[in-house]
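Comments concern the structure below.
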Amino acid sequence: MNEHVKPYDEKMKKTCDHLAADYLTIRAGRANPHILDKLTVDYYGSPTPLQQVGNISVPEARMIQIAPWEKSMIKPIEKAILASDIGITPSNDGSVIRLVFPELTEERRKELVKDIKKKGEDAKVAVRNIRRDGNEAFKKLSKNADISEDEIKDMEDELQKATDKYIKEIGDMVEEKSKEIMTV
């Protein structure tokens, strides 16, 4: 790969990786501990990732269980879950916190699919913006460097191939996640 194209390819890859990570946090009626990845808990005055204050497990298909290492952390963990956008009310028995995921309604599934498609579209736009930035940078290169028109054309073609590859990858991710959400 051309060294001028490589940074743009890496940015496109990061966009796809970010979308994939984003999709992990969308719940499909099954308990997925990744929805807690972005959650931080007030641990003695400092925001700490939830994974560092307790053990997170999935004992059943639609339940996440959080066992804090210190009993005093139950309230702060519940508070963090309630303040988040997970939309599930935690319950505790004094030693563990349980998050029970309700079955998704048809309407909620359709909303989630809409959201998935929007995030996919946003990622595609980001990839196209990276392509545009790359093409503008190549044009500037041609003005003040001794690079031929053919070399610039080759770089633009290579960048277009990368763009097509990532746009297809995003499309596949959208389709896969939509199918997962719509599967009852």
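The values are calculated or read from the model by the stated rules, or taken from the named source; none is laboratory data. Please read these numbers as outputs of a predicted model, since none were measured by experiment. Glycine gets a Cβ as well: all are built from the backbone with ideal geometry, and neighbour counts include every protein chain shown.
Results, tabulated for the structure shown:
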{"quantity": "Residues of the range 84-105 that turn out to be aromatic (F, W, Y) and over 15 Å from T25 (Cα atoms), as a count", "calculated": "0"}
{"quantity": "Selection from the range 1-45 of residues that are over 23 Å from V125 (Cβ atoms), among the aliphatic types (A, V, I, L, M) and touching a Lys or Arg at 6+ places or on another chain (Cβ under 9 Å)", "calculated": "A28, A31, I35, V41"}
{"quantity": "Some residue of the range 14-36 being of a type in the set (S, T, N, Q) and either modelled with pLDDT of 85 or more or out of contact with any Leu (no Cβ under 9 Å at 6 or more places or on another chain) (or both)", "calculated": "yes"}
{"quantity": "Verdict on D93 being at pLDDT below 85 and among the acidic types (D, E)", "calculated": "no"}
{"quantity": "Residue match in the range 89-106 (condition: in contact with a Lys or Arg (Cβ under 8 Å, 6 or more places away or on another chain), under 30 Å from K161 (Cα atoms) and not aliphatic (A, V, I, L, M))", "calculated": "no"}
{"quantity": "Answer residue from the range 106-126, given it is more than 19 Å from L24 (Cα to Cα) and modelled with pLDDT of 95 or more and is farthest from the chain's Cα centre (by Cα) among those", "calculated": "V125"}
{"quantity": "Residue within the range 162-177 that is surrounded by fewer than 16 Cβ atoms within 10 Å (Cβ to Cβ) and of a type in the set (S, T, Y) present", "calculated": "no"}
